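The block underneath contains the structure these notes are about, expressed in structure tokens.
Please treat every number below as a calculation from the coordinates, not as lab data. Note that this is a predicted model, so its numbers are computed, not measured. Positions of Cβ are backbone-derived with ideal geometry, glycine not excepted, and every protein chain shown enters the neighbour counts.
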Amino acid sequence: MPILKFTCAILAGLALAACTKEQVAAPESRPAPKVSVVTVQTRDIPFSLEFVAQTESSRQVDIVARVSGFLDKIAYQEGEMVKQGQLLFQLDPKPFQAQLEAARGGLQAQQARLTTAEANLKRVKPLAMENALSQSDLDRAQGDFDAAKAAVYAAQATVTQAELNLGYATIRSPVTGLASRAVQRQGAFLNAASADATLTYVAAIDPIWVNFSVSQNLAAKLRNEIASRQIVMPKALAFEVEIVLSDGSIYPYRGSINFADPSFSSDTGSFQVRAVLPNPKHVLRPGMFVTAFLKGAMRPNAVVVPQLAVQMGAKGHLVYVVNAAGVAELRPVVVGDYQGERDIVVVSGLAAGDRVVVDGVMGVVPGQPVQIVPSGASASGPARAAESASAAKK
């Protein structure tokens, strides 16, 4: 009986070993992963440049007192919009009115002297011609007349200066724009020769300027891409400028570039560019940070693929390409700017006709065959996962 049990155990062990060898010798073949692909097609697409920008008043004017005196009145609402010619400040005009009256009196006195000198010259001149008076008498009369005439010109200039000073006592806005707070208060004495003469400033905001900087590296990159015809610039570099506000909304009005600094800054290695935009509703204020897009350039024969097709490897970006034999190949690429919300531009690494894996990337093994299925039908991949998450949210 013990011999029979021992024999059965040996036979069972041999059977188990035979099954194990059979399984190792004939493993199950792994099915080719299912993927969906897009076939690369070149096309002309718009190209835009993106910059962080800041708004600036197109005309900011400091309001400074031109004459010394006491500030009688602040005639505007601080921080509000003022119109060109609107009264801002009023200095005490009485001293300037008195100076003007004195200047006018001096002018009348000089005019009286001129009348007397002219009459005397008219009497002396014919007598001197008849030798009834000496030449020195004629010269004296001529000199008195010329001096009186010059004194009238000087007195007239004094009157003009007094009129200007009286006009300077009334300070009006030179532009239409936003007026800042008043630096001085009513009753303060303003000294036109000191820093206290600055009263406020007015900033014109329609139109408004938008400033941004172009780095030396970006300028060199653009120059190379233009030379290789990867980018075609608009005629006369007439870019259209679109800005996006900090909340992500697109500003409804577009503008154009009206200035580009010819020199690079030694501090930042960039040069400044300025655009001008209409601002009729006063949405933009000076000092706001916005995003500026320069539109009008084109990328001819560009390669555009979905962003999901581009992976990030240790040495840069890469995609999976399915060759004519249905085998997946790993292809390094150089990417450019984004195109819309889903696509990205591939600058180099792909050509028209290449089949790029979009869905099912996670199951692809380089050098192994894949099974191409319609979009969305692959078993796995980022695109499938994203669609499933989106469906779950809905």
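How large, in Å, is segment 136-272 by the Kirkwood hydrodynamic radius built from its alpha-carbon pairs?
22.4
Please give the contour-minus-distance gain from Ile250 to Ala157: 0.36 nm per residue of separation, less the Cα-Cα distance, rounded to one decimal in nm.
Extra length from Ile250 to Ala157 when fully extended: 27.8 nm.
What three numbers, in Å, describe the spread of the alpha carbons of the chain along their principal axes, ordered from the longest?
Projected onto its principal axes, the Cα set of the chain covers 178, 49, 36 Å.
How would you rank 203-213, 81-91, highest first, on the average number of other Cβ atoms within 10 Å across their residues?
The densest-packed peptide leads the list: 203-213, 81-91.
Per residue and in cubic angstrom, what volume does the convex hull of the Cα atoms of segment 216-275 have?
127
Can you put Val61, Val290 in order, fewest other beta carbons within 10 Å first?
Least to most surrounded, the residues fall as Val61, Val290.
Under 5 Å between amide H atoms, partner at least 5 residues away or on a different chain: which partners does Ile208 have, H built in plane at 1.01 Å?
Leu277, Asn279
Once amide H atoms are placed 1.01 Å from N in the peptide plane, what residues at a sequence separation of 5 or more from Thr198, or on another chain, have their amide H within under 5 Å of its amide H?
Ala65
Sort the following peptides by mean Cβ neighbour count (other Cβ atoms within 10 Å, averaged over residues), highest first: 358-366, 311-319, 276-284.
358-366, 276-284, 311-319
Can you list which of the DSSP-assigned H helices in the chain have a Cα extent of 24 Å or more along the long axis and an average Kyte-Doolittle score of at least -0.5?
2-25, 94-129, 135-168
Whole-Å semi-axes of segment 94-168's equivalent ellipsoid, largest first, each the root of 5 times a Cα gyration tensor eigenvalue?
For segment 94-168, the semi-axes come out at 36, 9, 6 Å.
Using only Cα atoms, locate the centre of segment 268-291 and the centre of segment 116-133, then give the distance between them in Å, rounded to an integer.
Spelled out, the Cα-based centre of one part sits 74 Å from the other.
Between their Cα atoms, which of Lys73/Lys281; Lys122/Lys149; Lys83/Lys281 are more than 20 Å away from each other?
Violating the 20 Å Cα-Cα cut-off are Lys73/Lys281.
How many percent of Cα pairs in segment 277-334 exceed 19 Å?
Cα-Cα pairs in segment 277-334 separated by more than 19 Å: 61 percent.
Work out from phi, with θ = phi - 60° and the Karplus expression 6.51 cos²θ - 1.76 cosθ + 1.60, the ³J(HN,Hα) of each residue of segment 251-268, listed in order in whole Hz, and give x for Gly and Pro.
Rounded to whole hertz, the list is 5, x, 10, 10, x, 9, 7, 10, 6, 9, 5, x, 10, 7, 6, 6, 8, 10.
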